[in-house]
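For reference, the structure is listed below as structure tokens.
The numbers here are math on the coordinates, done by the rules we state, and not lab data. Keep in mind that this is a model prediction, so the values were computed, not measured. Neighbour counts are summed over all protein chains in view; Cβ atoms, including those assigned to glycine, are modelled from backbone coordinates with ideal geometry.
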Amino acid sequence: MLQVNFIRQNKERILKGLATRNYKEDSSKLIDSIIEWDDARKETQTALDELLAKNKLFSKEIGGLFKQGKQEDANSLKQQVDANKVKIKALEGDMRDLKDKLDNGLLQIPNVPHDSVPAGNTDEDNEVYKEWTGALPNLGDKALPHWELAKKYNLIDFELGVKITGSGFPLFRGQGARLQRGLINFFLDEASKAGYEEIVPPLLVNEASARATGQLPDKEGQMYYVEKDDLYLIPTAEVPVTNVYRNVIVKEADFPIKLTGYTPCFRREAGSYGKDTKGLNRVHQFDKVEIVQIVHPEKSYAVLETMLDHVAGLLSKLELPYRILRLCGGDLGFTSALTFDFETYSAGQGRWLEVSSVSNFENFQSNRLKVRYKDANNKTQLAHTLNGSALALARIIATLLENHQTPDGIRIPKALQHYVGFDMIK
RNA sequence: GGAGGAGUGGCAGAGCGGUUGAAUGCACUAGUCUUGAAAACUAGCAUAGUGAAAGCUAUCGGGGGUUCGAAUCCCUCCUCCUCCGCCA
């Protein structure tokens, strides 16, 4: 969330950002309310502090009076303290109300989009940041979508997934399972080579973690929830991996902090239907390798570029045609300031599929996470956080199967061959 | 799941109702000394709110309570350790 002081000083900028995000209702009032609540909070705080200070002093005096045996003086002071306590109780109640209001208000304001973010409503308005310049694979009429290829070569059994769990939980087998495992290792090795520390995090997280990275309350319905233990199944490794640094003050010299992690991801995808959910296009459980960086605020946009390069390198090694989109305001995630999506061309479906999303959250996420560092003046400052998928498995497998299909089977790109242990799916 | 013990600053560890936001040691930072380093000595060294600042306030695992006053007493939850049970 945004800091109140930032909101105070940048009202116009925020309103402009909300317009870019295609927010219909006027948020001007909300911003004014937030500032009013914060003013009231400060005032109440000051009043409260004064009373507390008074009582503290009185209590010390009472202690002294008792020692001197001046019971009566002590007792009259006690009455004053008691009177103050009533006022304190009331002020404390006011404080709680104001903080609740303030927090709820702040949670409704999304991050301010970066200047380069185009205005727009839906994914149709996203800007093509880097077009694919090579030829798209032309496989003719014989090109099969991945769900048919998966069946033909016995790689994925969607029906068995339904039997065991339900729709959206594919079961990989044989060479399909090997491909899955090989890709995970390939992505992790590439991330390690790029200097990311590998993490194997918990797959269930508590409320505090889900809140800190912004999944709560914005995306509550998206997560599977284990009521009995009050835990959430992670929708992305971003949640546990970024939370490693929740409430941590890092040394400036430790920047950049680079973490990577492979995890399954669980998403309820409530309300999804139609062709988007066919095959591996949209599933409830998929595997993903995530890269996360925590960096100095001045460096975050340069770091974003290096993360784009990293993802682009992976796709090149997998010999997949891709393009990069700059998300428009309407498609931009709540917590993000700037997001680039990678799409690979899906030759069997004749469409582009999103396989990665790389974002700079600036200090929006770190404000909730409380990831900070000390600057040159020894002042505590919020760090910037970024993350990206490198990469999401299910859709990569989909495009890999579709693009590399040949009459003799499915060709495994060279970079991947020693990871999966074969060069052809037959 | 049952029984017992414990949670204090970056770490170790005192304090167990009253100038204690917290002794002491280690670590860390700066200075003195030194050709340089080490050692020694001196000083600094939690987070947050508020304020121009001095300061004031909150925080000794979380929450609640007793009291004029709580790190210290009570309740509750969480976590860790030991033993028993169960179990990859």
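Things worth noting here:
- For the pair A:LEU171 and A:GLU269, label points projected 7 Å from Cα toward Cβ lie 1.9 nm apart.
- Under Karplus coefficients 6.51, -1.76 and 1.60, residue-wise ³J(HN,Hα) of the range A:384-391 in Hz, glycine/proline x: 9, 10, 9, 8, x, 7, 8, 9
- Remark on A:ILE425: its backbone amide H falls under 5 Å from those of A:ILE410, A:ARG411, A:ILE412, a criterion applied only to residues 5 or more positions apart or on other chains, H modelled at 1.01 Å from N.
- Förster radius 25 Å - calculated FRET efficiency between A:LEU136 and A:ASP309, Cβ distance, rounded to 0.05: 0.65
- Amide H within-cut-off set for A:SER356, under 5 Å, with H built and near neighbours excluded: A:PHE342
- Gain in span if fully extended, A:LEU57 to A:ILE35, counting 0.36 nm per residue against the direct Cα distance: 4.6 nm
- In terms of the mean number of neighbouring beta-carbon atoms within 10 Å, the peptides A:384-391, A:230-237, A:46-53, A:163-170 order highest first as A:384-391, A:230-237, A:163-170, A:46-53.
- Highest-MSF residue in chain A out of A:ASN360, A:ASN377, A:ASN84 [GNM, Cα springs under 10 Å]: A:ASN377
- With viscosity 0.692 mPa s and temperature 37 °C, the Kirkwood radius over alpha carbon pairs of chain A converts through Stokes-Einstein to a diffusion coefficient of 134 µm²/s.
- At R0 = 35 Å, FRET efficiency that the Cβ-Cβ distance of A:ARG181 and A:TYR224 yields, to 0.05: 0.90
- Subtracting the Cα-Cα distance of A:ASN154 and A:ARG411 from 0.36 nm times their residue separation leaves 91.0 nm of extension gain.
- Subtracting the Cα-Cα distance of A:LYS85 and A:GLU207 from 0.36 nm times their residue separation leaves 40.5 nm of extension gain.
- Phi angles across the range A:104-114 convert, under the Karplus curve 6.51 cos²θ - 1.76 cosθ + 1.60 with θ = phi - 60°, into 3J(HN,Hα) values of 4, x, 5, 5, 8, 9, x, 5, 7, x, 4 Hz, Gly and Pro given as x.
- Reducing the range A:277-321 and the range A:1-38 to their Cα centroids gives an inter-centroid distance of 31 Å.
- If you sort the three axes of the alpha carbon gyration tensor as a ≥ b ≥ c, you get a/c of 1.5 or more for the range A:4-107 and a/b above b/c, which makes it prolate.
- Surrounding net charge for A:VAL295, when Lys and Arg each add one and Asp and Glu each subtract one, Cβ distance under 14 Å: -2
- Residues A:ILE249 and A:LYS42, FRET efficiency given R0 of 35 Å [Cβ-Cβ distance, rounded to 0.05]: 0.90
- A cut-off of 5 Å between modelled amide H atoms, ignoring neighbours fewer than 5 places along the same chain, links A:LEU391 with A:VAL289.
- Whether the range A:202-328 is rounded, prolate or oblate, judged on the alpha carbon gyration tensor where a/c under 1.5 counts as rounded: oblate
- Relative to the longest principal axis of the Cα atoms of chain A, the long axis of helix A:28-67 lies at roughly 50 degrees.
- ³J(HN,Hα) computed for each position of the range A:85-90 - Karplus, 6.51 cos²θ - 1.76 cosθ + 1.60, integer Hz, glycine/proline x: 4, 4, 5, 4, 3, 5
- Shape call, the range A:73-114: gyration tensor on alpha carbons, a/c limit 1.5: prolate
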